[in-house]
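Worksheet: one structure, shown below.
The values are calculated or read from the model by the stated rules, or taken from the named source; none is laboratory data. None of these values were measured; they are calculated from a predicted model. Note: ideal-geometry Cβ built from the backbone for every residue, glycine included; neighbour counts use all protein chains shown. With ligands, DNA and RNA removed, areas are computed over all heavy atoms of the protein, side chains included. Shrake-Rupley method; radii C 1.70, N 1.55, O 1.52, S 1.80 Å.
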Amino acid sequence: MGHLLATVNPESADRITGPIPPGVGGWVVYIARPGEGRSGSQEFPALIMKQRESNGLDLLVFYGVEDIGERPNMPPVDADHPFPGWKFCTEAEPEKYEPSRLNKMREELDSLKKDVLGEYQSPPRSVIDLLAEFEKMLRDFGKRLKALEG
């Protein structure tokens, strides 16, 4: 959006400046016109190939694995122009931190340890340490074997 108003009132900022798409190589959602969709879907991922000054985008639309099409100078979708066009991808928001959630994860981890180890105690050294020691023993054995052969 690029305007300070975007931090307070994004809808008003869009009315002032219009949506600014990501640059070349970015992703948007292509909204197909009726009859153009595949498998009952009208929305498809699209890669931006070129950005026009009119906010139009040249898109590479991925309808399916082997079904790709080019769509030149596609405008953004709005109330006056519902299709064909593009809209922003909705990004997933990270989950909010909650201490109770962390405690629940710790309890699940403890339960998993009991399931894996059973009645046995955790080993005093990690598996990685044991593997490193074993690898060192094999190297030393190989050196001694070469010395005996040579």
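With a cut-off of 13 Å between beta carbons, the residues surrounding Ile48 carry a summed charge of +2, where Lys and Arg count +1 and Asp and Glu -1. Pairwise Cα distances in region 103-150 exceed 17 Å in 60 percent of cases. Only lysines eight or more places from Lys113 in sequence, or on another chain, were considered; those with a Cα closer than 18 Å are Lys104. Tell me which lysines have Cα within less than 25 Å of Lys50's Cα, excluding those fewer than 8 residues away on the same chain? Here the lysines satisfying the reach criterion relative to Lys50 are Lys87.
Measure off, as a whole percent, the carbon and sulfur share of the 1.4 Å-probe accessible area of region 52-122, all protein chains present.
The nonpolar share, carbon plus sulfur, comes to 52 percent.
How big is D, in µm² s⁻¹, for region 50-106 by Stokes-Einstein at 20 °C and 1.002 mPa s if Rh is the Kirkwood radius over C-alpha pairs? It diffuses with D of about 146 µm²/s by this estimate.
Peptide packing for 41-53, 63-75, 116-128 was compared via the average number of neighbouring C-beta atoms within 10 Å per residue; ordered from the highest value, the list is 41-53, 63-75, 116-128. Taking a straight Cα-Cα cut-off under 19 Å and skipping sequence neighbours fewer than 8 places away in the same chain, the lysines within cross-link reach of Lys146 are Lys136.
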